[in-house]
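Single-structure report; data block below.
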Amino acid sequence: MADQYRIAQPKDYYRQFLEKDVRPDNRGLGEYRATVMNIGCVSTAEGSSLVKIGNTTVMCGIKAEVAEPGVDGKNGYLVPNVELSPLCSANFRPGPPGELAQVLSQNMADLIADSQCVKLENLCVCPGKLVWVLHIDLVCLDYDGNLMDACTLAMMSALKSTSLPVVTVDEESGEIKTDPSSRTLLPVSCCPVSTTLIVFDNKLLLVDPTSEEESLATGAVTVVTEGKNVCSIYKPGGTPLTDKQIRDCIERGFIRGKEARSLIEETLCSVDR
Amino acid sequence: MASFIVVKKEDLEKKQNVEPCHTLRCLTSELGCLTRQDGSVSLSQGDTTSLAVVYGPAEVRISRELIDRATVELVYKPKVGLPRPADRKREQIMKSIFEATIITNLHPRSSITIILQETEDLGSNLACCINAACLALLDAAVNMSFMVAAVAVSVADEGQIKLDPSKNDEEKGRASITFVFDSVDLNVVSIVTSGKFSQIEYKAGLELAREASQKVFQFFKDSMSRKLIR
Amino acid sequence: MPTDTRRISGPEISHSPYDYCLTPPIDLIGADKKRLDGRLPAQLRPLFLRAGVISQARGSGYIEVDQTKVICAVYGPREVLRREDFSLKGQLTCDFKFTTFSCRLRRQHQQDNQEKDLSVQLLEALEPAVCLQKYPKSQINIYVTVLQNDGSALSAAIICASLALASAGIEMYDLVLASSVAMRDALTIVDPTEREEEAVLNKTHKAELNAGSMTVAFLPSINQVSAISSDGEILCETLTKSMRLCVENCLKLYPVLQQALVKHRLDKQADTS
């Protein structure tokens with residue numbers, strides 16, 4: 001009976017839970033789903049990670065290539081793309097990326113640019129001749145809401161684990177040589193973490209929404225924090241929020257940021273061992 | 001048909017001399033600049049100009065039909081080339097803003113389409129687009145639960161905050177933030193940021209933008225009354 | 001090539017760093033009669049199978065054959081969107097995709113010819129096993145994504161897809177199993193890795209008469225072969241011999257697949273009760 005009610009009257013169903021400050025999956029309003037991370041799971045990629053937030057699963061693989069630099073002569077390229085394949089949800093069909101995938105890809109690119117976590121000049125192999133191109137591909141394997149946070153976490157942990165083979169350019173002949181046996185770690189200066197909240201019924205804030213909660217939401221806020229700084233606040237429309245509510249979102253973002261960063265560090269340590 | 005209005009230009013110039021960072025650039029609008037649409041407006045904020053048109057409520061494609069409310073569609077056309085992911089992000093932001101403002105339940109199974117054409121981006125483009133779209137919706141007499149006003153601020157390297165930045169300010173600055181406020185309680189409908197900023201800078205920017213948003217609302221009212229009186 | 005405006009694009013031309021280092025040709029079999037990874041010629045790699053990994057899909061499967069990792073989702077039966085596609089028999093569609101980072105060299109986002117070819121082969125292997133007449137007017141979609149390719153990706157995909165179909169409760173005549181072999185001259189190796197597959201089909205060895213690889217899909221309980229695909233030039237008698245070898249190997253995998261399915265059922269029961 002409860003299942004039918006949930007399908008027929010999802011909002012009422014949620015309201016009955018939320019009145020008692022609990023969500024249907026037993027979480028509190030400000031509680032994240034269990035987050036699991038695996039780093040270095042794809043050995044064909046220069047950096048890789050798998051992140052699960054509840055059911056939502058995102059895999060990130062970073063493939064490094066070399067190319068000639070642009071006009072500035074020293075900046076490398078970071079090319080993040082999010083793939084929402086038809087595999088991850090019945091809502092997606094095969095073909096070129098849809099609106100959501102494009103927005104997520106752009107969000108990832110903005111995140112890198114805003115936080116400056118990987119400086120483009122650090123991707124220079126030989127000034128004026130050769131730079132690195134890092135193709136950061138994020139593949140969603142299971143879509144159960146809050147893809148933004150899963151993607152950021154997957155991307156940052158993959159970047160932190162990325163190691164590049166040593167490439168040298170001969171000064172005189174211009175010949176390029178790669179030594180696959182020795183590798184260097186990619187310098188990552190900081191680790192931005194995003195926290196997404198949705199607005200339910202124009203008043204309640206729910207952290208880490210599932211796909212069902214996302215479909216019922218009247219608005220969303222994503223806060224990206226980096227250490228003690230706010231890196232970005234992204235609220236694409238929806239219900240107007242008071243300053244206090246936005247402050248609460250930022251506070252929650254800082255707490256989540258701390259948790260997520262220690263999770264990445266722990267996972268990196270356990271992989272190194 | 002066309003009506004140009006300039007809001008408080010004398011005031012603006014006077015203020016510009018005293019406090020050049022804390023004023024909006026000159027706002028001008030031309031309501032009903034196109035005739036075949038239900039609503040159209042060309043809005044300039046300083047040198048930044050965008051064109052917004054509204055169609056609707058009209059018939060909706062079956063695949064996008066919603067049985068209990070109208071489908072809000074928003075198309076952003078960049079000045080050159082095809083829309084890229086960055087333009088899609090703009091579309092998503094504006095679409096969710098107007099989904100919240102338009103009372104969609106009044107027109108079930110129909111579509112309200114907003115088309116934005118970037119004409120000239122010389123700073124604060126997103127804010128200009130949002131304001132243009134809101135004015136176009138007013139021109140088309142679409143029912144809204146509140147109006148929205150967008151105001152951008154930029155943060156310079158030394159932490160100085162500038163209202164309604166020009167392209168130059170945006171490029172030089174460390175960060176820029178676009179705030180969108182509702183007309184009822186002046187709460188925040190949308191925030192889009194780029195670059196790094198501190199919480200103090202955010203707060204200062206928010207206050208500055210909120211104050212300026214009232215001028216934008218006044219401008220909307222003046223523009224509309226100008227149109228109706230004529 | 002026109003640039004893809006729906007993705008974030010990097011520089012137009014970029015190369016893999018591994019283009020600039022020598023990869024020595026490998027011997028399929030060393031002096032100690034063992035292969036590069038220490039296996040005997042007729043030895044299979046260890047296998048890991050799990051059903052129900054994607055929460056949004058009707059059925060799903062994940063397979064790991066050492067370094068080859070494949071994930072598969074099954075959606076449907078669902079309605080056919082286009083009217084002209086009406087038929088009394090259900091439709092089965094297969095979508096095979098390598099992630100961009102799954103191979104040694106980076107792959108493109110769009111499905112390339114090899115992937116289209118593999119989609120068809122996968123469909124041909126699975127179609128005879130599904131009772132399509134039970135699903136009139138509807139379609140069943142199978143989406144396969146290779147997360148990492150270390151050889152025998154097609155056979156892994158077939159096993160994974162058949163597990164996903166079964167876990168989705170799609171009526172089938174039998175489970176489908178698959179196995180691959182590679183051969184050169186008198187040597188036949190089972191379950192080849194990517195480097196072995198490449199070595200067999202290497203152009204420099206084209207002079208040899210007997211070099212290629214084959215994949216056989218087999219329905220064990222009705223003792224029928226549903227698909228064979230072979231690549232390269234192979235002698236007729238080697239082909240029949242290899243086929244028999246493949247069928248034998250398929251039978252070895254049968255209990256593994258059955259166990260994975262039983263475990264999935266039990267887990268599901270434990271969840272609901």
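Compare B:62, B:191, B:114 in a GNM of chain B, Cα atoms joined below 10 Å, and give the one with the largest fluctuation.
Result: B:62 has the largest fluctuation of those listed.
Would you calculate a helix-derived [θ] at 222 nm for the protein assembly as shown, using -39,500 (n - 2.57) for each DSSP H run of n ≥ 4 and dividing by the full residue count, to the nearest 500? Provide the component values of the computation, followed by the final result.
On the way: 15 runs with 235 residues, N = 776.
Helices in the protein assembly as shown give a 222 nm mean residue ellipticity of -10000 deg cm²/dmol.
Which value, in debye to the nearest 20, describes the size of the charge dipole of the protein assembly as shown about its Cα centre when Lys and Arg Cβ atoms bear +1, Asp and Glu Cβ atoms bear -1, and nothing else is charged? Don't skip to the end; give the middle numbers.
Details: 86 positive and 100 negative charges, 280 e Å.
Using Cβ point charges on Lys, Arg, Asp and Glu, the protein assembly as shown gives about 1340 debye.
If you bin every alpha carbon distance in the range A:145-273 into 10 Å steps from zero, what whole percent lands in each bin?
Spelled out bin by bin, the range A:145-273 gives 12, 33, 24, 15, 10, 5, 1 percent.
Report the per residue volume, in Å³, of the convex hull enclosing the C-alpha atoms of the range B:94-230.
Numbers: hull volume 16.1 nm³, N = 137.
Cα-based convex hull of the range B:94-230, divided per residue, equals 117 Å³.
What is the diffusion coefficient of the range C:215-273 in µm²/s, taking the Kirkwood radius over Cα pairs and the Stokes-Einstein relation at 20 °C with a viscosity of 1.002 mPa s? Spell out each step's value before the answer.
On the way: Rh = 13.6 Å.
Rounded, D is 157 µm²/s.
Per residue, how big is the convex hull of the range B:96-141 when only Cα atoms are used? Give it in Å³. Please list the in-between numbers first.
Details: hull volume 3.6 nm³, N = 46.
Residue-normalised Cα hull volume stands at 78 Å³.
Running a GNM on chain C with Cα contacts under 10 Å, which residue among C:68, C:240, C:188 ends up with the highest mean-square fluctuation?
Checking each option, the largest mean-square fluctuation is seen for C:240.
Using only the Cα atoms, what convex hull volume per residue in Å³ does the range A:118-197 have?
Numbers: hull volume 8.5 nm³, N = 80.
Measuring per residue, one finds 107 Å³ for the Cα hull of the range A:118-197.
Please name whichever of A:58, B:142, A:159 sits farthest to the positive end of the charge dipole of the protein assembly as shown, dipole taken about the Cα centre and charges placed at Cβ: Lys and Arg +1, Asp and Glu -1.
Comparing the listed Cα positions along the dipole, B:142 ranks first.
Would you be so kind as to identify which of C:212, C:17, C:257 lies farthest towards the positive end of the dipole of chain C, taking Lys and Arg as +1 and Asp and Glu as -1 on Cβ and the Cα centre as origin?
Checked the options; the winner is C:257.
Pairs to check: A:228/B:221; B:89/B:203; A:129/A:235; B:79/B:162; B:77/C:116. Give those whose C-alpha atoms are more than 31 Å from each other in this structure.
Values: A:228/B:221 42 Å; B:89/B:203 25 Å; A:129/A:235 41 Å; B:79/B:162 26 Å; B:77/C:116 34 Å.
Check vs 31 Å cut-off fails for A:228/B:221; A:129/A:235; B:77/C:116.
With the radius of gyration and the Kirkwood radius both derived from the Cα set of chain B, what is their ratio Rg to Rh?
Details: Rg = 17.3 Å, Rh = 17.9 Å.
Expressed as Rg/Rh, it is 0.97.
Compute the normalised compactness of the range A:33-189: alpha-carbon radius of gyration over 2.2 N^0.38 Å, N being the residue count. Show your work: numbers first, answer last.
Values: Rg = 16.7 Å, N = 157, 2.2 N^0.38 = 15.0 Å.
Taking the Cα Rg and dividing by 2.2 N^0.38 Å, one obtains 1.11.
Could you give the Stokes-Einstein D for chain C in µm² per second, using the C-alpha Kirkwood radius, 4 °C, 1.567 mPa s?
Details: Rh = 19.9 Å.
The Stokes-Einstein estimate is 65 µm²/s.
Once the principal axes of the Cα atoms of chain A are found, what is the range along each, listed largest first in whole angstroms?
75, 39, 38
Treating the beta-carbon of each Lys and Arg as +1 and of each Asp and Glu as -1, no other charges, what is the dipole magnitude of chain B about its Cα centre, to the nearest 20 debye?
Values: 29 positive and 30 negative charges, 67 e Å.
In total the dipole reaches around 320 debye.
Taking Cβ-Cβ under 4.7 Å as the only way to count a partner, pick out the unpartnered cysteines of chain C.
When partners are defined as cysteine Cβ atoms under 4.7 Å apart, chain C leaves C:21, C:94, C:103, C:131, C:236, C:246, C:250 without one.
From zero up to wherever the largest Cα-Cα distance of the range A:2-99 sits, split into 5 Å bins and tell me the percent of pairs in each.
In whole percents, the pair-distance histogram is 2, 9, 11, 12, 15, 15, 12, 9, 6, 4, 3, 2, 0.
Please report, in debye to the nearest 20, how large the charge dipole of the range B:107-230 is about its Cα centre when each Lys and Arg carries +1 at its beta carbon and each Asp and Glu carries -1 there.
Details: 13 positive and 16 negative charges, 87 e Å.
For the range B:107-230, the charge dipole is close to 420 debye.
I need the phi-derived Karplus couplings for the range A:186-203: 6.51 cos²θ - 1.76 cosθ + 1.60, θ = phi - 60°, integer Hz, Gly and Pro marked x.
6, x, 10, 7, 8, 9, x, 10, 9, 10, 10, 10, 10, 9, 10, 6, 6, 9
Could you tell me what % of all Cα pairs in the protein assembly as shown have separations over 46 Å?
Numbers: 88982 of 300700 pairs.
Percentage above 46 Å: 30.
Could you compute Rg(Cα) / (2.2 N^0.38 Å) for the range C:79-214, with N its residue count? Please list the in-between numbers first.
Values: Rg = 17.3 Å, N = 136, 2.2 N^0.38 = 14.2 Å.
The range C:79-214 yields a ratio of 1.22.
Read the figures in this text as sums done on the coordinates, not as results from a lab. Since we're looking at a predicted model, the values are computed, not measured. Cβ atoms come from the backbone with ideal geometry, glycine included; neighbour counts cover every protein chain shown.
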